[in-house]
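Taken together, the values in this text are just the output of simple stated rules run on the coordinates, not laboratory data. Since the structure is predicted, the reported quantities are computational estimates derived from the model, not experimental observations. A quick note on method: Cβ atoms are made from the backbone with ideal geometry, for glycine too, and the neighbour counts reach across all protein chains shown.
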Amino acid sequence: MRAIVQLTAQHVHETAGQRPTGSDPAALDASSLGTVAQLRAQVERVQGRRLDAPVLPVHPALASLLPGGGLRPGSAYSLPRSTSVLLALLAQPSQAGSWCGVIGMPRLGAEAAEGLGVDLSRLVLIPDPGSRWLAVTSTVAEVLPVVAVRPSGRAADGEIARLAARLRDRGAVLLVQGPWPQAEAVIEVGEPTWEGVGRGHGYLSGREVTLTSSSRRWPRSRRARVMLPDAAGHVSAVPERMRRVEVLPSAESTESFARQIRAVG
């Protein structure tokens with residue numbers, strides 16, 4: 001299994017500008033800016049491209065749920081508290097070379113992430129950002145093109161607006177597990193069914209769910225039925241099943257049925 005970069009909240013807090021007691025403010029601010037610039041340059045060098053790249057790709061089974069068919073740089077997306085949905089959205093960007101950061105999800109498993117296609121060598125985990133989760137998210141968005149966060153509390157409108165401006169400036173994508181104002185799209189999950197289970201026996205081989213996406217760019221919501229995960233542990237589209245043909249009653253049978261009703265009455 002490939003390595004994952006894991007940062008502590010203290011490290012990111014200091015990068016965000018947290019000032020330890022007794023430190024020179026001017027020297028610390030210069031050091032923080034230098035650290036962010038160094039991390040940004042390192043990521044860009046490893047990726048081989050700038051962080052303000054065009055729309056990031058997603059799995060074909062999810063493309064119809066997103067405006068433009070992918071994750072738009074500078075935008076935020078509201079997701080359900082489903083780890084599978086989040087990892088499915090991170091898979092293609094990480095495989096395409098984009099670094100992804102996950103904040104505030106201590107139970108996110110590396111094996112599950114790799115099973116759904118996430119490139120672990122481009123995944124940064126910050127399990128416990130503490131009460132400064134928004135400041136940590138804003139700092140990580142300075143460096144990484146895709147940032148996912150599970151908020152641990154409410155944020156002021158002004159702070160959210162500043163984060164939105166930073167996302168647009170850096171061309172970063174924000175995936176939020178929970179409601180988020182001015183989201184590019186809001187994705188919800190429902191109608192789960194498991195495959196592989198008989199009448200009290202059998203092994204679970206896959207889960208089929210319905211994903212619903214609403215966006216201010218669309219007149220109505222869009223739906224997609226996907227396997228999350230499928231039998232191989234990946235995400236895949238559910239093939240369209242042929243509907244059962246219902247035989248309509250003929251005119252003669254309808255009249256006969258009506259006579260029977262009148263006779264009984």
Q) Tell me, what is the percent relative contact order of segment 50-109, built from C-alpha pairs under 8 Å that lie six or more residues apart? A) 33 percent
Q | Label-point gap, in nm, between Asp128 and Asp169 - each point 7 angstrom along Cα→Cβ | A | 3.1 nm
**Q.** Relative contact order of segment 135-183, pairs being alpha-carbon contacts under 8 Å that are 6 or more residues apart, as %
**A.** 50 percent
Q: Run the quick spin-label model on Ala232 and Arg81: label points 7 Å from Cα toward the beta carbon, then report their separation in nm to one decimal.
A: 3.2 nm
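Assuming R0 = 30 Å, what is the FRET efficiency of Thr210 and Ser121, from their Cβ-Cβ distance, to the nearest 0.05?
Working: r = 33 Å, r/R0 = 1.08.
That pair, Thr210 with Ser121, gives E of 0.40.
Say R0 is 30 Å: what FRET efficiency, to the nearest 0.05, do Ala155 and Glu240 get from their beta-carbon distance?
My answer for the efficiency is 0.10.
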Q: Could you please report the charge total around Ala76, scoring K, R as +1 and D, E as -1 over all other residues with beta-carbon less than 15 angstrom from its beta-carbon?
A: +4
Q.
Whole-Hz ³J(HN,Hα) for each residue in segment 167-182, computed from phi via Karplus 6.51 cos²θ - 1.76 cosθ + 1.60 with θ = phi - 60°, x for glycine and proline: what do you get?
A. 4, 5, 5, 8, x, 8, 9, 10, 10, 10, 7, x, x, 8, x, 6
Q: Could you list which residues have their amide H under 5 Å from that of Ala148, counting only those 5 or more apart in sequence or on another chain, with H placed in the peptide plane?
A: Gly101, Val102, Ile103, Leu175
Q: Quick one: which residues, 5 or more positions from Leu228 or on another chain, have an amide H under 5 Å from its amide H? H modelled 1.01 Å from N in the peptide plane, none for Pro or chain starts.
A: Arg207, Glu208, Val209
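Considering only the other residues whose Cβ falls under 12 Å of the Cβ of Pro67, what net charge follows from Lys and Arg at +1 and Asp and Glu at -1?
Local charge sum for Pro67: +3.
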